[in-house]
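Inspection log for the structure reproduced underneath, given as structure tokens.
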Amino acid sequence: MKRIVFSLATLLFSAAVFASSAPANWQIADKYNVNFAAGGEVGGIFKTLKGTIAFDEQNLASSAFDITIDVASVNTGNGLMNTHFKSAEWFDAAKYPAIHFTSKKIEKTAAGYQVTGDMEMHGVRKEMTLAFTFQNKGTTALFAGKFTVNRSDFHIGKPGGEVDEKVTIDIKIPVVKK
């Protein structure tokens with residue numbers, strides 16, 4: 001009898017340890033914001049973002065992001081420019097329909113956090129480290145980050161010209177705990 005009670009207690013303790021070590025799963029909520037600006041008058045938003053987020057401030061080693069942006073959802077406020085950005089000359093949305101980021105490592109920093117992972121855009125995959133903040137409000141939270149991408153590193157558009165090489169991306173992702 002003692003053996004059964006001990007085995008049951010061990011099983012329950014193991015389940016509790018495993019449950020507490022798994023990061024919280026967050027669902028991306030409406031009203032996320034993915035803005036981009038390339039200096040001057042070139043800028044806009046991506047309207048469609050999907051992904052999975054497992055994040056726990058106390059368990060960064062098990063936390064992970066897998067985020068996808070639909071390239072065809074680009075909106076610059078100008079229909080002709082939207083069509084141009086989706087064309088083979090720029091993003092080539094027909095051939096490369098998504099911008100995809102998968103995390104490898106998440107670390108705490110003095111200003112918040114940083115995530116290192118693979119960014120895949122326009123058929124090119126590069127490792128990048130992105131800074132972000134996390135505002136936890138219990139069952140809801142907000143991830144926010146701002147970073148710069150060199151569009152030529154991903155072979156987007158022609159080098160030089162009227163559009164800056166450096167594109168600033170500003171992301172705000174509200175989430176709800178699953």
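Can you give the FRET efficiency to the nearest 0.05 for residue 137 and residue 82, using r as the Cβ-Cβ distance and R₀ = 35 Å? With a Förster radius of 35 Å, E is 0.50. In whole percents, the pair-distance distribution calculated for the chain from its alpha-carbon pairs, binned every 10 Å from zero, is 9, 33, 28, 16, 7, 4, 2, 1.
So with the 1.4 Å probe, I'd like the accessible area per residue for the chain, rounded to whole Å². Could the numbers behind the result be given before it?
On the way: 10600 Å² over 178 residues.
Using a 1.4 Å probe on heavy atoms only, each residue of the chain averages 60 Å².
Region 29-59 and region 155-178 have Cα centres spaced 9 Å apart. The C-alpha atoms of the chain define a longest principal axis, and helix 2-21 lies at about 20 degrees to it. For Cα pairs less than 8 Å apart in space and 6+ apart in sequence, what is the mean separation divided by the residue count of the chain, i.e. the relative contact order in percent? Over the chain, the number comes to 22 percent.
Of the residues 100, 123, 161, the one whose Cα sits farthest towards the positive end of the charge dipole of region 95-178 is 100 (charges of +1 on Lys and Arg Cβ, -1 on Asp and Glu Cβ, taken about the Cα centre). Just the protein heavy atoms count here, and of the accessible area of the chain at 1.4 Å, carbon and sulfur take up 57 percent.
The values are calculated or read from the model by the stated rules, or taken from the named source; none is laboratory data. Quick caveat: nothing in here was measured; it's all calculated off a predicted structure. All Cβ positions, even for glycine, are placed from backbone atoms using ideal geometry, and neighbour counts span all protein chains on display. Note: areas computed on protein heavy atoms with side chains; ligands, DNA, RNA excluded. Shrake-Rupley method; radii C 1.70, N 1.55, O 1.52, S 1.80 Å.
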